[in-house]
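K.L.:
Below are the structure tokens for one structure; questions will follow.
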């Protein structure tokens, strides 16, 4: 078990939402809705680019947590709300901070934002986002 402290920041996870990664995610989750990959379909509905499947942000959050805390960290609960859409070829960053520590685990507040090439936030797209982590033996 890793020693953690309230206020400790999770290392950021940055992901480029390419069409290739979006189609790979669609295949892995069997979510073949055309809004996630077909340009003509989205343009006919007044959307400029295919929309990233929102559930991928849960996968990114778990990846960030487990990369940071290791294999003994079990994500027992993950709750989040979408505030805006993310489009193909945008770059997102997942950030978090520990808000509670106990013998059993910890709680993390997180958010996901679209960023520019220099790392500046363009818009927050997932917030609030929270995770409860339990330590496994």
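Laboratory data are not the source of any read-out in this text; all were calculated from the coordinates shown. This structure is a prediction, so every number in the text was calculated from the model and none was measured. Every residue, glycine as well, gets a Cβ built from its backbone with ideal geometry; the counts of neighbours run over all protein chains shown.
K.L.:
Against the longest alpha carbon principal axis of the chain, how many degrees, from 0 to 90 and to the nearest 10, is the axis of helix 56-69 turned?
P.N.:
Its long axis makes an angle of about 30 degrees.
K.L.:
Here is a follow-up. Using Cα pairs under 8 angstrom and six or more residues apart, how large is the relative contact order of the stretch 7-137, in percent? Numbers along the way, then the final one.
P.N.:
Details: 254 pairs, mean separation 37.5, N = 131.
It rounds to 29 percent for the stretch 7-137.
K.L.:
Mind telling me which of 117, 76, 12 comes out most flexible in a GNM of the chain, alpha-carbon contacts under 10 Å?
P.N.:
Of 117, 76, 12, the Gaussian network model singles out 117 as fluctuating most.
K.L.:
Sticking with this one: Can you sort 14, 75 so the residue with the fewest Cβ neighbours within 10 Å comes first? Before the final figure, lay out each step's value.
P.N.:
On the way: 14 13, 75 17.
With the sparsest Cβ surroundings first, the list reads 14, 75.
K.L.:
Just want the ordering: 77, 107, from fewest to most Cβ atoms lying within 10 Å of their own Cβ. List each step's numbers first, then the result.
P.N.:
On the way: 77 10, 107 16.
Fewest-to-most Cβ neighbours within 10 Å comes out as 77, 107.
K.L.:
For the stretch 1-59, what is one quarter of the convex hull surface built on the Cα atoms, given in nm²?
P.N.:
On the way: hull surface 24.7 nm².
Average projection, Cα convex hull of the stretch 1-59: 6.2 nm².
K.L.:
Which one of 27, 96, 119 has the biggest mean-square fluctuation once the chain is modelled by GNM with Cα springs under 10 Å?
P.N.:
The residue with the greatest mean-square fluctuation here is 27.
K.L.:
Under 8 Å for C-alpha pairs, at least 6 residues apart: give me the relative contact order for the stretch 93-137, rounded to a whole percent.
P.N.:
Details: 81 pairs, mean separation 16.0, N = 45.
Taking the mean separation of contacting Cα pairs over the length of the stretch 93-137, I get 36 percent.
K.L.:
Roughly what angle does helix 19-29 make with the longest principal axis of the chain, taking Cα atoms, 0 to 90 degrees, to the nearest 10?
P.N.:
Relative to the chain, helix 19-29 is tipped by roughly 70 degrees.
K.L.:
Further question on the same structure: If you count, for each residue, the other Cβ atoms within 10 Å and average over each peptide, how do 54-60, 37-43 line up from highest to lowest? Numbers along the way, then the final one.
P.N.:
Details: 54-60: 18.0, 37-43: 13.9.
Result, highest mean first: 54-60, 37-43.
K.L.:
Dimensions of the stretch 28-137 along principal axes (Cα, Å, largest first)?
P.N.:
In descending order, the Cα extents are 53, 33, 20 Å.
K.L.:
Can you classify the stretch 65-122 as rounded, prolate or oblate using the Cα gyration tensor, where a ≥ b ≥ c are the square roots of its eigenvalues, rounded means a/c under 1.5, and otherwise it's prolate if a/b beats b/c and oblate if not?
P.N.:
Working: a/c = 2.43, a/b = 2.12, b/c = 1.15.
The shape class here is prolate.
K.L.:
Once the Cβ-Cβ distance between residue 28 and residue 67 is put in as r, and R0 is 22 Å, what FRET efficiency do you end up with, to the nearest 0.05? Walk me through the intermediate numbers first.
P.N.:
Numbers: r = 19 Å, r/R0 = 0.85.
For R0 = 22 Å, the calculated efficiency reads 0.75.
K.L.:
Quickly estimate the mean residue ellipticity at 222 nm for the chain, helices only: each DSSP H run with n ≥ 4 gives -39500 (n - 2.57), and the total goes over all residues, rounded to 500. If you can, show how the numbers build up before the last one.
P.N.:
Numbers: 3 runs with 30 residues, N = 137.
Mean residue ellipticity, 222 nm, calculated: -6500 deg cm²/dmol.
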